[in-house]
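Data block below; observations after.
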Amino acid sequence: MASSAAAASSEEAVKAAKVLMVGAGGIGCELLKTLALSGFRDIHIIDLDTIEVSNLNRQFLFRQSHVGQSKAHVARDAVLKFRPNINITSYHANVKDAQFNVEFFKQFNVVLNGLDNLDARRHVNRLCLAAEVPLVESGTTGFLGQVTVHVKGKTECYECQPKPVPKSYPVCTITSTPSKFVHCIVWAKDLLFAKMFGDKNQDNDLNVRSNESGMSKSDVFERNADEDLDQYARRIYDHVFGYNIEVALENEETWKNRRRPNPIYICDTLPEEAIWQNGSSRDCNNEQEEPSAMVSLGLRNPQEIWNLADNSRVFLEALKLFFEKREKEIGNLIFDKDDQLAVEFVTAAANIRASSFGIPLHSLFEAKGVAGNIVHAVATTNAIIAGLIVIEAIKVLQGDYKKYRMTYCLEHPSRKMLLMPVEPFEPNKSCYVCSETPLLLEVNTKTTKLREVIDKIIKSKLGMNLPLVMIGSTLVFEDGDGLEEDEAANYALNLEKVLAELPAPVINGTKLTVEDFQQELSCSINIKHSDHYRDEFDEEKEPDGMVLSGWSAPVEKQVTSNGGNQSVASSSGADDTDDIVEDISAKPGMKRKLDEILESKENCDASSSAQVVEDDDDDDIVMLDEDPKLAKKKRLQ
């Protein structure tokens, strides 16, 4: 009788629940289907993306005819076909839009995340904390995955533990909507370079169809018999940087909430005579010398950021040098960061694409450090994780915190298990998000401008979108709409002032109060002035000359790939990684059983480690906050 009563109670909780899903990609499609089939009757779903051809092999609610349409809307319509009596509300929008504020989140019983970037994850975490709505996080990469539960005051929040900077990116972002330079590097290396010089039989997401009706070949990258190298190089340039961008612009839905890229053609970038006289590769007779577009063009400084014209010259010259000096290798080449000509080609191609999408250009030296591959998604893992999400969501709706679990999906059995459940952790008392612990910023207040602190610390590291900055009772900056013209002008002036010259001067010991009303998040930053920060700071780790303590900073990663280990430092331009699991040692801390936290308050020591799994799909970048093989934790009784 007790079990049947519990089942009835669970069924009623599911039927009465109002659920918010964020993300309609690989996990999102499986999750929406599973929620509908599990009896949920009121589901809201938010997703900004449109459907790409590359999504169709694992996002089974979508078909070829849906390409270019909203993921959220199409997913809703697909599920309503077999569950017509439930309510599904879809939003083709960014979860960070103003309409999705704390009041919006308060209407839901639980929020289920399936996001593809750290910034949006942090944003949803903060809204859930402010609205006091439970959050279920999830993610997959290849055969690995995880599901975690975050409930204010009962478990740690998403930001309680250090989160490495994302290291892999959605395929659709790489091919269609890049927003960072690393996206352009991955496109240039894994798509364009591979298409031009690698195995022709490998699948490639680049558009190979030409806009020229007279083309005899279906693949535009094939060189015509009567085509000289200059003509071929210019045709490739115009196709990938011009025509392909114009094709992308035809999908108006994609660009409703994004900056539209500009097609770039060689005739607009370089005058005709400069194209024909580009470089001097044919004049180089020294066969022993490694071919280099930079040498041919007289470019000597790898740390110099080339303009669009120089990048175009390097692209053309590098392409021709491959065919002139290394023709026998074409068809078998794999990108190698130690291959000078390959790095020159990828740098130039990435910079031209970056210019098209309004992304800042980078030097060859910077571009060389950005390398890696995209992790392949596995539809079965998405389905398993979606099922686990629903199981945890039902536990949350029942309010039985003792049954909450973080569950890991493993590639190889551990203790004869492929699904490894572990107990949730207590809130981190040092977390500036859920525990409001003050942060410490070490900075030279006499040389650092307010703009640098806001852009590089408050927005970039702390993830605030519309910050307000106060020094004591003096408001020195506010971001967002609705500001009076004179207020906005005054704040703009403050941005260009060094900290010590603000209306309320920032000196050693000053306390900044920073708030984001959209996220309903407030934190304090104590300032420590340092006169000689350039000598004291590690410029490689702190290139901005500021050290922020007390926040979840990116950590050094030990990457295991193909049986070998290598260190990879996290950065904002992080490398992609191919089918890897990354083990990261977090700082040892106090971890307690959830029932002990909430009832007896007795502590038990346990060392913790973090395992990070990252996703190339538009599902997630996954942060596994404990390695189930190493955790020294007791199971809940």
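The values are calculated or read from the model by the stated rules, or taken from the named source; none is laboratory data. This is a predicted model, so every value here is computed, not measured. Using ideal geometry, Cβ is built from the backbone for each residue, glycine included, and neighbour counts are taken over all protein chains shown. Side chains included, ligands, DNA and RNA excluded: accessible areas come from the protein's heavy atoms. Shrake-Rupley method; radii C 1.70, N 1.55, O 1.52, S 1.80 Å.
Values computed for the structure shown
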{"item": "Summed side-chain charge close to residue 100 - residues other than residue 100 whose Cβ falls under 15 Å, Lys, Arg +1, Asp, Glu -1", "result": "0"}
{"item": "Label-point separation in nm, residue 437 to residue 337, each point 7 Å along Cα→Cβ", "result": "3.3 nm"}
{"item": "Global form of the stretch 439-549, assessed from the alpha-carbon gyration tensor, a/c cut-off 1.5", "result": "prolate"}
{"item": "Charge context of residue 431, other residues only, Cβ under 10 angstrom, K/R +1, D/E -1", "result": "-2"}
{"item": "Candidates per chymotrypsin sites (Phe, Trp or Tyr not before Pro) in the stretch 13-117, loop by DSSP, up to 15 other Cβ within 10 Å", "result": "82"}
{"item": "Separation of alpha-carbon centers, the stretch 16-92 and the stretch 442-518, rounded to whole Å", "result": "40 Å"}
{"item": "Out-of-range pairs (alpha-carbon distance over 28 Å; input 18/71; 71/368; 71/96; 71/180; 33/403)", "result": "71/368"}
{"item": "Loop sites in the stretch 75-139: trypsin sites (Lys or Arg not before Pro), DSSP, at most 11 other Cβ within 10 Å", "result": "81"}
{"item": "Of 458, 433, 503, farthest towards positive along the dipole that unit charges on Lys, Arg, Asp, Glu beta carbons give the stretch 351-507", "result": "433"}
{"item": "Spin-label model distance (nm) - residue 402 vs residue 484, 7 Å beyond Cα toward Cβ", "result": "5.9 nm"}
{"item": "Sum of side-chain charges, residue 515 neighbourhood, beta-carbon under 11 Å (Lys, Arg +1; Asp, Glu -1)", "result": "-4"}
{"item": "Heavy-atom accessible surface of the stretch 439-549: percent carbon and sulfur, 1.4 Å", "result": "46 percent"}
{"item": "Distance between modelled label sites at residue 132 and residue 119, nm, 7 Å Cα→Cβ extension", "result": "3.1 nm"}
{"item": "Difference of contour (0.36 nm per residue) and Cα-Cα distance, residue 329 to residue 246", "result": "26.7 nm"}
